[in-house]
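The values are calculated or read from the model by the stated rules, or taken from the named source; none is laboratory data. Owing to the predicted nature of the structure, the values given are computational and were not obtained by experimental measurement. Counting neighbours? That spans all protein chains shown, and the Cβs are built from the backbone with ideal geometry, glycine included. When the accessible area is computed, the model is the full protein with side chains, heavy atoms only, and any ligands, DNA or RNA have been set aside. Shrake-Rupley method; radii C 1.70, N 1.55, O 1.52, S 1.80 Å.
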Amino acid sequence: MSTSTSEHATTGQATEHATRRRGIVRAVLAGGLVLGVGAAVTLAAWNDSEFATGTFGAGSFNLEGQETAGGGFTDHETAPGAALTFVVEPLNLAPADVVYAPFAVRLDAATTTDAVVTLSSVGAGANAANLTYEILTTTAFECDADTTGTSLVPAGTATTAADAATFDLTQGAAAAAGDPVNLCLIVTAGGGLVEGAAATVTWEFAAESVSDND
């Protein structure tokens with residue numbers, strides 16, 4: 001039996017359609033595989049961290065004083081503090097009398113920073129207003145009528161002088177105490193001194209640490 005031209009055409013078209021569909025399926029499957037791989041890459045992630053830690057410790061800071069020659073340096077952290085030894089009898093003053101006492105301060109061996117010291121005084125008692133003082137810085141631990149030095153607090157300063165002067169102290173090296181600043185305190189009785197009345201004068205040496213960045 002003969003086959004017509006239209007039947008051949010229909011058969012060819014069917015074959016062509018089937019081939020196209022198989023190609024489309026393969027393309028879709030291939031695309032699906034590509035999409036699957038792409039999804040896997042998108043979900044994967046790299047993670048990395050950096051950490052840094054600082055460890056901190058405080059240094060040490062301590063001011064100490066010396067009130068007698070050869071007596072060594074100790075702490076006098078609260079008033080009345082060290083008992084100054086005045087040359088000339090300080091308990092039997094008359095107008096115009098002058099008395100002298102040495103004192104020294106330094107930073108102890110454990111101190112790790114330099115310091116600035118602010119000096120103030122507080123007078124109390126009936127004769128506090130009738131006393132004035134001056135302070136010299138000296139090269140040695142000494143203080144009497146013959147002592148010379150650099151004026152730190154000028155003569156005639158009232159016993160109630162706040163922030164009368166400042167000076168620097170330097171920490172020591174290799175766990176040693178800093179160099180001392182030697183002071184000569186000179187107190188003068190005024191003409192208005194009241195007979196039989198007493199007075200006390202307390203000097204404060206307030207040390208403040210100095211940062212290396214200052």
Filter segment 97-125 down to the residues that are closer than 10 Å to Phe61 by Cβ and among the small types (Gly, Ala, Ser) and list them by number.
Ala110, Ala115
For segment 96-110, name all the residues that are closer than 21 Å to Ser121 by Cα and in a loop (DSSP other than H, G, I, E, B).
Ala96, Asp97
Condition first: on the phi > 0 side of the Ramachandran plot and open to solvent by 70 Å² or more (accessible area, probe 1.4 Å). Now tell me which residues in segment 148-180 satisfy that.
Asp163, Ala174, Ala175
Qualifying residues in segment 181-208 (those that are open to solvent by 60 Å² or more (accessible area, probe 1.4 Å) and under 31 Å from the mean Cα position of the chain (by Cα)) - the one farthest from Thr147 (Cα to Cα):
Glu208
